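Here is the structure we will look at.
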Amino acid sequence: MKKVLFFLVSLATLTHLSSCVDEAERPDTPSGNFEALWQIIDEHYCFFDYKGHEYGLDWQEVYNKYKVRVNNQMRETQLFEVLCDMLAELRDGHVNLSSSYDYGRYWAWQEAFPKNFSDTLERKYLGTDYKISSGLNYRVLDDNIGYIRYESFQTPIGEGNLDDVLSYLALCRGLIIDIRNNGGGDLTNAERLAARFVHEKTIVGYLQHKTGKGHNDFSSMETQYLEPSSNLRWHKPVCVLTNRSVYSAANEFASMMHALPHVKLVGDKTGGGSGMPMSSSLPNGWTVRFSACPMYDKNKQHTEFGIEPDIYIQLKSNDVQKGIDTIIEAARKLLTE
């Protein structure tokens, strides 16, 4: 019997839980692999109703559409293409099909939108004398605004790192946290950073668990709290810079920070990715990953398709030519008013 291994990360406890679900055996043929993949998604994916409402997703219609493209004489590469096309109907960056020779993915959540970020401008604003503390690059800008660049929540940060960074920036009038292009990583890092900006136990979102094979089989919503750090905390205004490439754990960080009264999101809508991942294997050994645990913001709204900023700003091409980051400058203006 095949097994599905489920990793659930709770914002409150950040405890990894696992459970195993038996899948019916399928033959290792193109048709068998197609049926196995469709069934795995049908029984365990968590956004069917939401995406049915948003853009008319009907998983049974998807089955009918792609079933006719599969036959047992097709080549392995042809099957991989068909299965990836089928999974793309979910419009989910957390849905991936992995083989030994390719990685199927849906990246239109960021590729179809302006980047709103420039590596050249990043180097200009950081300069050459910026400080580095694990995954955090930081400095004081010339108007006494603190600036922290965190490129990936894959890079760990410790409490000592955060103490040192916030101590160095303590005299700044406000703080910019730039997470543009942060595609996620370890949710522990996101929560550890966010805990430095909350001063009492605060509701930042909600979580559900899949409890059965039906599309609507979910637990009741569980409240997710952000606990204040027992170490140094920041009390002044904060701007978090976002773009469409903010995804997964970074999207969750934006959601947590958005729940705090002294924090503003500035830039573009985030890319989303609020479903916690689950994985399984097909009869031929390919691995599929997909969203299985829906998460919501403090208002019980889905963030799967992204979080709207408080201040919507696009990076202007004429500013780029002048060496100006439109989004950083908007945040600086907001923090100095």
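If you take the residues in region 246-259 that are open to solvent by 10 Å² or more (accessible area, probe 1.4 Å) and in a loop (DSSP other than H, G, I, E, B), which one is nearest to TYR147 (Cα to Cα)?
For region 246-259, the residue satisfying everything is ALA259.
Given the residues ARG149, ARG139, which is the only one that is open to solvent by 10 Å² or more (accessible area, probe 1.4 Å), assigned to a strand (DSSP E or B) and either of a type in the set (Phe, Trp, Tyr) or in contact (Cβ under 8 Å) with a residue 12 or more places away in the chain (or both)?
On the way: ARG149 fails: open to solvent by 10 Å² or more (accessible area, probe 1.4 Å).
Matching residue, one of ARG149, ARG139: ARG139.
Report every pair of residues separated by at least 6 positions or lying on different chains whose Cβ atoms are under 6 Å apart, first residue within region 88-107 and farther than 15 Å from SER280 by Cα, second modelled with pLDDT of 95 or more and of a type in the set (Lys, Arg).
From residues that are farther than 15 Å from SER280 by Cα, there are no pairs.
Looking only at helices (runs of 4 or more DSSP H) that lie completely in region 26-81, which have at least 1 residues being basic (Lys, Arg)?
Values: elements: 30-44, 48-55, 59-67.
Ranges flagged: 48-55, 59-67.
Would you check if LYS333 is open to solvent by 30 Å² or more (accessible area, probe 1.4 Å), assigned to a strand (DSSP E or B), over 30 Å from PHE218 (Cα atoms) and not aliphatic (A, V, I, L, M)? Outline the logic, then answer.
Numbers: open to solvent by 30 Å² or more (accessible area, probe 1.4 Å): yes; assigned to a strand (DSSP E or B): no; over 30 Å from PHE218 (Cα atoms): yes; not aliphatic (A, V, I, L, M): yes.
So LYS333 does not fit the description; no.
Under 9 Å by Cβ, and 6 or more places apart or on different chains, what pairs join a residue from region 111-136 that is part of a helix (DSSP H, G or I) with one that is surrounded by 13 or more Cβ atoms within 10 Å (Cβ to Cβ) and acidic (Asp, Glu)?
Going by the 9 Å Cβ cut-off, the qualifying pairs are LEU121/ASP319; LEU121/ASP325; GLU122/ASP178; GLU122/ASP325; LYS124/ASP325; TYR125/ASP178; TYR125/ASP325.
Which one is farthest from ARG180 (Cα to Cα), of the residues in region 260-277 that are part of a loop (DSSP other than H, G, I, E, B) and touching a helix residue (DSSP H, G or I) at 6+ places or on another chain (Cβ under 7 Å)?
As a first pass, look at region 260-277 and keep what is part of a loop (DSSP other than H, G, I, E, B): 260-262, 268-271, 273-275.
Narrowing further to those that are touching a helix residue (DSSP H, G or I) at 6+ places or on another chain (Cβ under 7 Å): 260, 270-271, 273-274.
Values: LEU260: 19, THR270: 9, GLY271: 10, GLY273: 15, SER274: 17 Å.
Among them, the one singled out is LEU260.
Restricting the search to region 260-269, which residues are under 25 Å from PRO156 (Cβ atoms) and surrounded by fewer than 24 Cβ atoms within 10 Å (Cβ to Cβ)?
If the condition is that a residue be under 25 Å from PRO156 (Cβ atoms) and surrounded by fewer than 24 Cβ atoms within 10 Å (Cβ to Cβ), then LEU260, VAL263 are the ones that fit.
Consider region 156-205. How many of its residues are of a type outside the set (A, V, I, L, M, F, W, C), open to solvent by less than 30 Å² (accessible area, probe 1.4 Å) and under 22 Å from TRP109 (Cβ atoms)?
Going through region 156-205 one residue at a time, the tally reaches 6.
So MET86 passes all but one of these: (1) under 25 Å from the mean Cα position of the chain (by Cα); (2) outside any helix (DSSP H, G or I). Which condition number does it fail?
(2) is the only condition that MET86 fails.
Any idea which residue in region 206-245 is farthest from GLY272 (Cα to Cα), counting only those that are crowded, with 22+ Cβ neighbours inside 10 Å and of a type in the set (S, T, N, Q)?
GLN224
Take the residues in region 278-304 that are of a type in the set (S, T, N, Q) and assigned to a strand (DSSP E or B); name whichever of them is nearest to GLY93 (Cα to Cα). Steps first, answer last, please.
So the first thing to find is which residues in region 278-304 are of a type in the set (S, T, N, Q), and the list is 279-281, 284, 287, 291, 299, 301, 303.
Narrowing the set further to residues that are assigned to a strand (DSSP E or B) leaves 279-281, 287, 291.
Working: SER279: 14, SER280: 17, SER281: 18, THR287: 15, SER291: 9 Å.
Within region 278-304, the match that is nearest to GLY93 (Cα to Cα) is SER291.
So, in region 44-72, exactly how many residues are under 20 Å from GLY285 (Cβ atoms) and either surrounded by fewer than 17 Cβ atoms within 10 Å (Cβ to Cβ) or without any contact (Cβ under 8 Å) to a residue 60 or more places away in the chain (or both)?
Going residue by residue through region 44-72, those that are under 20 Å from GLY285 (Cβ atoms) are 44, 70, 72.
Cutting the leftovers down to either surrounded by fewer than 17 Cβ atoms within 10 Å (Cβ to Cβ) or without any contact (Cβ under 8 Å) to a residue 60 or more places away in the chain (or both) gives us 70, 72.
The qualifying residues number 2.
The values are calculated or read from the model by the stated rules, or taken from the named source; none is laboratory data. Everything numeric here is computed off the predicted structure, so don't read it as measured data. Virtual Cβ from ideal backbone geometry, glycine too; neighbours counted across all protein chains shown. Heavy atoms of the whole protein, side chains included, go into the accessibility calculation; ligands, DNA and RNA do not. Shrake-Rupley method; radii C 1.70, N 1.55, O 1.52, S 1.80 Å.
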